[in-house]
Amino acid sequence: KHVEVIPKQDIKIDYFLGEGFGASRLYKFKITTNEGNIYEFGDVDGFEAIEYVQTPETFINANGWYLRKITSPDGKHNITFSYEKEAFRQRSRSTPIDSPDPSATIENQGGYSLSYSDIQSLRLSQIKTTIETVTFEAGNERNDIGYSLYKDMAKVAKTLNAIRIDNGTHCKRFRLFQSYFEDNTTYKSGGVGDFRLRLDSIQETSCTDTNIN
């Protein structure tokens, strides 16, 4: 078996299969470019950076393999990506309906059908290079997504509170201020489906909260 790259590119892709959820599954793959840079996705160094999704109609499916590590051709430099596992229920609302859908796989709220997916995802927490560290600081629990079947396996999804950049001699921080768009139509349900997270402003400071911009 081999990987076909469409359109053709001068890269090499190695993939690795393992057992999981009762079947053989792709748990890691590695891309090597023509220059010799190596990109590793999925399970690297024992941390499984894979997103899983389950809907009422399906079993658990791998939905994405996150970038974990980039290594230079000489092996002397690398960039590592760290994540926190998060779990949430993603809902999508359809057009209004006059009566409840008889299907057992569809919720009905406030006069519209509401389908959902339970997602075990990942939140980027840090990018680290040989000269610099970028840290993504979590904020409050999000109001626009619900609790998941995976809530006991991962943390509840949170907002992004700040981004901190530190190279050892200089450190700065970008603070994100957020609120929510809220549904004000007649189909408002009173649940998480009524909200969408919104970025209101950004504040740049030193890491000691001085020099505010």
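The values are calculated or read from the model by the stated rules, or taken from the named source; none is laboratory data. The structure displayed is predicted, hence computed values, not measured ones. Just so you know, the surface numbers come from the protein's heavy atoms only, side chains and all, with ligands and any DNA or RNA stripped out. Shrake-Rupley method; radii C 1.70, N 1.55, O 1.52, S 1.80 Å.
Listing for the model above:
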{"item": "Listed residue pairs exceeding 27 Å between alpha carbons, taken from K8/K69; K158/K188; K76/K158", "result": "K76/K158"}
{"item": "Accessible area of E141 in the full protein assembly, 1.4 Å probe (Å², nearest 10)", "result": "90 Å²"}
{"item": "Hits among lysines - C-alpha to C-alpha of K155 under 22 Å, sequence gap 8 or more where chains match", "result": "K85"}
{"item": "13 Å Cα-Cα reach of K128 towards aspartates and glutamates, excluding residues that sit fewer than 8 places from it in its own chain", "result": "D166"}
{"item": "Amide hydrogen neighbours beyond the local backbone of A162, cut-off 5 Å, H modeled", "result": "E137, L176"}
{"item": "Gyration tensor over alpha-carbon atoms, the range 46-87, equivalent ellipsoid semi-axes in Å", "result": "30, 10, 6"}
{"item": "Partners for K172 among aspartates and glutamates (Cα-Cα distance below 14 Å; same-chain residues under 8 apart left out)", "result": "E132, E137, E204, D209"}
{"item": "For C171, distant residues with modelled amide H under 5 Å away", "result": "C207"}
{"item": "Size descriptor, Kirkwood hydrodynamic radius, that averages inverse alpha-carbon separations across the range 1-87, Å", "result": "14.5 Å"}
